[in-house]
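Here is the structure we will look at, set down as structure tokens.
All of the numbers you see were taken from the coordinates with simple rules; none came from a lab. On a predicted model such as this, the values are computed, not experimentally measured, just so you know. All Cβ positions, glycine included, derive from the backbone under ideal geometry; neighbour counts span all protein chains shown.
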Amino acid sequence: MVGIVIVSHSLKAAEGIREIAVEMGKPGQPIAATGGCDDGCLGIDLDKVERAIEAVDEGHGVILFVDLGSAIICADMIKNRRKLHEKEICIADAPVLEGAVIAAVEASLGSSMEKILEVAAKVKDISKIQKIN
């Protein structure tokens, strides 16, 4: 299955999103959460992100769901690391919570990385507010 990594500046936030995604996906769906720095402060640690990628990689690719701009920069840097250069790693263009949840469901169906990324990107367009006429 395609692996999923939730990258947040807050480990607690990443773990909470992972908890929801795991509940929605099939048992055994590889999903990891990473965030924060070793000293407990908010931030992104490239080595922690790399370890999370390695933990969920089953050879079918890994999709990263990131929370803020600098996490996107860090995730892009990770893709260029020598150790991970040959792996198929994509950053989802999707909201981190909704995207990770729908990706967990789609990945559990055995879908390709391309299909998972496509479905996850569509959640950007779902309105959360219903207009009353």
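Taking a Cβ cut-off of under 15 Å around E19, the surrounding Lys, Arg, Asp and Glu residues balance to a net charge of -1, with basic ones at +1 and acidic ones at -1. Working note: 222 nm ellipticity from helices only, DSSP H runs with n ≥ 4, each -39,500 (n - 2.57), summed and divided by the residues of the chain, gives -13500 deg cm²/dmol to the nearest 500. Comparing V123, V66, V22 in a Gaussian network model of the chain (Cα springs below 10 Å), the most mobile by mean-square fluctuation is V123. Ordering I73, I53, I132 by the number of other Cβ atoms within 10 Å of each residue's own Cβ, fewest first, gives I132, I73, I53. Here's how it looks for A33: its modeled amide H is under 5 Å from those of I6, which are all 5 or more places away or on a different chain. Within the chain, the selection of entire DSSP H helices by a Cα span of 24 Å or greater along the long axis and an average Kyte-Doolittle value of at least 1.6 returns an empty list. S112 sits among other residues whose Cβ lies under 11 Å from its own Cβ, and their net charge, with Lys and Arg +1 and Asp and Glu -1, is -3.
Mean sequence separation of contacting Cα pairs (under 8 Å, at least six apart), scaled by the length of the chain, corresponds to a relative contact order of 30 percent.
Ordered by the number of other Cβ atoms lying within 10 Å of each residue's own Cβ, fewest first, L97, L109 fall into the sequence L109, L97. In terms of its alpha-carbon gyration tensor, segment 3-109 comes out oblate; a/c meets the 1.5 threshold, while b/c is at least as large as a/b. Residues considered: G28, G36, G59. Largest GNM mean-square fluctuation over the chain, using C-alpha springs under 10 Å, is found at G28. Quick one: net charge around S10, please, counting Lys, Arg +1 and Asp, Glu -1 for every other residue with C-beta under 13 Å from its C-beta. Charge balance near S10 sits at 0. For segment 10-100, the set of trypsin sites (Lys or Arg not before Pro) satisfying both a DSSP loop assignment and a count of at most 15 other C-beta atoms within 10 Å is given as R81.
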